[in-house]
Amino acid sequence: MSLTEGFEPKIIAFCCNWCTYTGADLAGLNRMKYPENVHVARVPCSGRVNPQFILRAFQKGCDGVMVCGCHPGDCHYSTGNYFTRRRFMLMKRMLEYNGIDPGRFHARWISGSEAAKFRDTVAEVSERLRKLGPNTKYREALREGADAGKGGAGI
Amino acid sequence: MELKKDRLLEALALLREGSDVALPLPADDGGEPAFRLWDGVQEPFLGSNTSLPPKELLFPRSEGMYGYNLKTGELSDILPEARTAVFGIRPCDVKSIENLDHAFLEKGYVDSYYRARRDGLTTIALGCSEAARTCFCDSMGVAPGDAPGADLMMNDLGDAYSVKANTEKGEAVAKLWEGLLSKGGAKAPAAPACGFSVKADDSLPDRLTARFDDPMWDSLSKACIGCGCCSFICPTCYCFDIGRENRGACGTAFRCWDSCMFSDYSRMAGGHNPRPSKKERLRNRYLHKLAYFSQRYGATLCVGCGRCIDKCPANLDITRVMDMMEGVDANG
Amino acid sequence: MARPGGAAAAAKRPVAEAGPGAAREGNPLLPAMCRVIKITDETPDVKTFRIQTADGAKPFDPMPGQLAMLSAMGVGEAMFSVTAKGEDWIESSIKRVGLLTEALHGLSEGDMIGVRGPYGNHFPVDAIKGRDLLFVGGGIGLAPVRSLIRYALERREDYGSLDVLYGSRSYDDLVFKSDIFENWPAVCNTHITIDNAEERWDGHVGFVPSYLEEKAFSPENRVVVLCGPPIMIKFCLESLMRMGFSKENVITTLEMRMKCGVGKCGRCNIGSKYVCLDGPVFTMSELDGLPDEK
Amino acid sequence: MSDRQEKMRQSAEKLLRDGEVGYVIGWGATRFCDRTTPVFIDSPEGAASLVWNEHAVNSLAKYLLDDKYPDKKIGLFARGCESRAVNRMIKDNQVKRESLYLIGVPCDGKSSDRCRLCRERNPLVYDVLLWEPEANAAPADRFERVRGVEAMSPDERYRYWGGVYDRCIRCYACRNACPVCSCRECYVDMGRTGFQGKQHSRSDNQIFGVTRAFHVGDRCIECGECERACPMGLPIMGQTQKMLKEINELSGEYECGLDADSDSFLGRFDLDDKDEFM
């Protein structure tokens, strides 16, 4: 319990420019409240998200990763998110197979008008991660004294 | 002096009181044997040499060099503090450490990280009583039964090891072991003959470099798949890369093993690569081992341990180039 | 904030002597943080950085042709020639070609960079005393040569005639414009050319090698210092051979990828020579004795 | 055995003498009688150095990528595994069928653990078949190892793979031996992109391992070259086999390289793919 108490997860959400990013924008315009621990990274299409991004995010300190794009059929580039769907169905299974908790990776379709869905998804993922606690898997080790400002990621 | 074999672990335990002790140990799950830090209990793996060389003790796969803060510009170097005694190191690998010393400590610049680890290292060598079929150390100027460069030399006498100190560090170990050692007059049996031999005389470096443009490099390199296996399991390959990892305002510069067989090793920022294909890269590696290093430091960088011959995925064999120089081809 | 073993300690090092036993103090791989005190835009993709230690001193005292390892913290480190030095600064001119140089070009005056050096050998300033000097440069290749031109101009009486023949793709791509058009013409002979005609350009048009032959410099008592892109070097060398120069009297500088700068990391070798220690300055006849792998 | 070796030599010699091919890729002897090395024979006389025995283990197909635009055809001795690799390479636009002369050599079994998953000893594509097809041996249970890892708890799985990658020396032999690993420049060699940390640390090693598996897993012909090449003997097919197992479960029976027309799983999509990301 003590591990997760007061813990605020770091989440990175890769959001497609045409749907989810607009949805997140709309959520902001409508002054919807959602957890501030999500960092939105705008990508041209969810199909642009390389599985490598997910691994590097975990390595660099994220507790959870989201990939969000247009609903199938709505891709700005016609077919990008169909490739996303296949890719991350496999990636999700590979992550679990390598010992990552399924709660740490989420893919979702969120359109430009679904501001509430964006808010709810982020809240749900955030809550789930809060229960899971900090991610330690795939994390690069920090060198001693790194927090004291002497430098030191990743040794 | 002699150390009875049944007192070996006791002797190692004594060493472990004052420093880390590294031994050839099998991997927990039956993987490749390597020099690993001893937990005080495990039996050393002494049947044959390790698949991985001991160079990691002096030149780790990755090591931090200095930390920095991007906001304040503050720098702090990370010099290692290591005191390690390594037991069971073979004469070829002792020779490889002498070569690393040349590279890291000579020609005007002393590598501080290597220096720190080297000063803290005591080498306790074990002469070979059996040769693997890939061994060719005696062709490369190494005596399989004797390592004059080791701090302490031990040889298998059957039920005991002979113990001979070569240096002050070695004498300190012998003194530490005083209570365990007994007088013994047994002579170590003659060292075994190597698995095979090649001709690598003093003229080899110049003869090889004279054939820099020879078509033999095409035929030697065709089967190479361009991986870095040979470099990483070689006891003397010491090339490294320097990189950085940042998180927030903090970062660390590190160095890690690199291989001249990789395409980005010598590629410049504009894209030009002086060694663009595996032919040039393999030639550079072989010549570095057998010619360039001798021309620069007066010592051959290949010690004949045979690891690369054993492990190459394409079954390439560095000694083929020496055979080709003699007009023979061992490959049929 | 100079640190032991960094550039400050390096300043005390014997210059260009890398023989065994000449061990230097401190950690040679640790940079010192220095300040960029002036940035000059030379061309659209070349900037000159004037660098000083945090307490206002010269980071080290390089000989002409020597190298400095410069780093943008958190990005990377690379070797550059030191193109000039003053009382309390050194200068490097850097072309934007990759990740690190991009980061360096993004710096502002006052920003800190890592510096270590000086590295490598230098132009044989003593051996060429009393000789006529012909400096031939192409593009950014004038950067290493400039250190020797400045050195010779400061010791004008030690050398014979001084000629600078320099060319670039276009007027915009000419580096050190104030030197080549204002400072140097007053004290030595300058011959500037660009590859293609431009409206605002009334000088010579044509490639460096042909301009070189056109000028018909005599090989008598003359040493050529040649630096530029490989293709220019190749054709200039052919021209110089036709003009009767011998390879011993043609000096050039080499570039290779480097990581450590002190002859350890392995990658800048040409045969048994390391460009970072034994170079970057070689005569053409020395290069003939090395494998063709540049 | 020696009869077959003789047939191979004769075939290579004739192809070279007739100028049908520029060179032939086969197996040759080494210093050790139980090891062969790939050889590149470019003269009829050289054909006499070809070797065929149970130690002719290395897959030869990868070498085709060193010479994608040959002046003359390349002669390649092809067993089942080479032919599957060639099929995959043709589909991936890496080589052209018309620049190859495939000399079919049904495999009589090799002394290598890499063959334990072999289901196809006979070449599936060839220009000439030097002897009668061999009966296929029953392969080991295809996904047995994957199921073993799946049965562990998440933390055990992480420890298991962490232990594997702790021993990885990042020599990239797995990458370089893999016949479907065909990028002109590997992401690993593009340090400037920041995709892959270069440190030999557990996390960087793991990330390399998973990424490698992901890059080739849906095109994997299960030849086992990656594991055979690994100098540390790491069970890395456990990753690529997992990809294949999941693809089998998601889209039905799936094997690569059986023909030169099938798309790879990640190279295409179906409108009615399963959707679990609603």
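Just a few scattered comments:
- For the protein assembly as shown, diffusion coefficient by Stokes-Einstein and Kirkwood Rh (Cα), 10 °C, 1.306 mPa s, µm²/s: 50 µm²/s
- Normalising by residue count, segment C:132-253 has a Cα convex hull of 95 Å³ per residue.
- Between the helical axis of C:142-154 and the longest alpha-carbon principal axis of chain C there is an angle of about 90 degrees.
- Multiplying the residue separation of C:TYR171 and C:ILE39 by 0.36 nm and subtracting their alpha-carbon distance yields 45.5 nm.
- Alpha carbon convex hull of segment A:11-148, projected area averaged over orientations, nm²: 8.7 nm²
- Options C:SER93, C:LEU142, C:GLY26, ranked by Cα towards positive dipole end of segment C:14-162, top entry (Cβ charges): C:LEU142
- Once the Cα atoms are used to define both axes, helix C:230-242 deviates from the longest principal axis of chain C by about 40 degrees.
- Between B:ALA190 and A:ASP25, the distance separating the two model label sites (each 7 Å from Cα on the Cα→Cβ line) works out to 8.6 nm.
- Applying a threshold of 32 Å to the alpha-carbon distances of C:LYS85/C:LYS294; B:LYS55/C:LYS273; B:LYS169/B:LYS199; B:LYS199/D:LYS198; B:LYS107/C:LYS85 flags B:LYS169/B:LYS199; B:LYS199/D:LYS198 as lying beyond it.
- 13 Å cut-off, amide nitrogen to a point 7 angstrom out along D:GLU54 Cα→Cβ, residues in segment D:22-45: D:34-35
- Spherically averaged projected area in nm², based on the convex hull that wraps the Cα atoms of segment B:42-173: 10.8 nm²
- Exposure proxy shown here: for C:LYS259, B:LYS199, C:LYS95, A:LYS10, the number of other Cβ atoms within 10 Å sets the order, fewest to most, as B:LYS199, A:LYS10, C:LYS95, C:LYS259.
- Calculated from backbone phi, Karplus (6.51, -1.76, 1.60) coupling profile of segment A:125-138 in Hz, x at Gly/Pro: 5, 4, 5, 5, 5, 4, 6, 6, x, x, 7, 10, 7, 6
- Helix D:237-251 axis, angle to chain D major axis (alpha carbon atoms, nearest 10°): 80 degrees
- Förster radius 30 Å - calculated FRET efficiency between D:ARG184 and C:LEU99 (Cβ-Cβ, nearest 0.05): 0.90
- Kirkwood Rh in Å, taken over all unlike Cα pairs in chain D: 20.0 Å
- Near-label residues of segment B:156-176 by backbone N, under 20 Å of a point 7 Å along Cα→Cβ of B:ALA13: B:160-161, B:173-176
- Cα-Cα P(r), chain B, percent of pairs per 10 Å interval: 5, 23, 32, 24, 12, 4, 0
- In Hz, Karplus ³J(HN,Hα) per residue of segment C:265-271 (6.51, -1.76, 1.60; θ = phi - 60°; x = Gly, Pro): 6, x, 7, 9, 7, 10, x
- Qualifying GluC sites (Glu not before Pro) in segment B:52-93, where qualification requires a DSSP coil assignment and no more than 13 other C-beta atoms within 10 Å, comprise B:GLU81.
- Rounded to whole Å, the principal axis extents of the Cα atoms in segment A:34-95 read 33, 29, 16, largest first.
- Near the amide H of B:PHE45, within less than 5 Å, lie the amide hydrogens of B:LEU25, all on another chain or at least 5 residues away, with H placed in the peptide plane.
- For the segment C:28-34, counting C-beta atoms of other chains within 10 Å of every residue's C-beta and taking the mean gives 5.
- Whole-Hz couplings from phi, Karplus 6.51/-1.76/1.60, listed for segment D:219-228; x for Gly and Pro: 10, 5, 9, 6, 7, x, 4, 4, 6, 5
- Simple spin-label estimate for B:GLN42 and B:LYS199 gives 4.4 nm between the two label positions (7 Å along the Cα-to-Cβ direction from each Cα).
- Descending Cα extents along the principal axes, segment D:1-120, whole Å: 34, 34, 22
- Approximate spin-label separation D:ASP155-D:ASP259, in nm, with each point projected 7 Å along Cα-to-Cβ: 4.9 nm
- Ratio Rg/Rh, restricted to chain C and using Cα atoms, in which Rh is the Kirkwood radius: 0.95
- Each Lys and Arg adds +1 at its Cβ and each Asp and Glu adds -1 at its Cβ; summed about the Cα centre, chain A shows a dipole of about 380 debye.
- With the convex hull of its Cα atoms as the shape, segment D:104-174 has an orientation-averaged projected area of 7.1 nm².
- Total formal charge among the other residues, if their Cβ is under 12 angstrom from that of C:TYR211, Lys/Arg +1 and Asp/Glu -1: -3
- Computed over segment D:217-278, the P(r) tail beyond 17 angstrom holds 48 percent of alpha carbon pairs.
- Two-decimal Rg/Rh across segment B:48-93, once Rg and the Kirkwood Rh are taken from alpha-carbon atoms: 1.20
- Put the Cα centre of segment A:107-128 next to the Cα centre of segment D:39-94 and the gap is 52 Å.
- Using a Förster distance of 22 Å, the FRET efficiency for D:GLN5-D:ASP71 (Cβ separation, nearest 0.05): 0.20
Laboratory data are not the source of any read-out in this text; all were calculated from the coordinates shown. What you are looking at is a predicted structure, and each value in this text was computed from that prediction instead of being measured. All Cβ positions, even for glycine, are placed from backbone atoms using ideal geometry, and neighbour counts span all protein chains on display.
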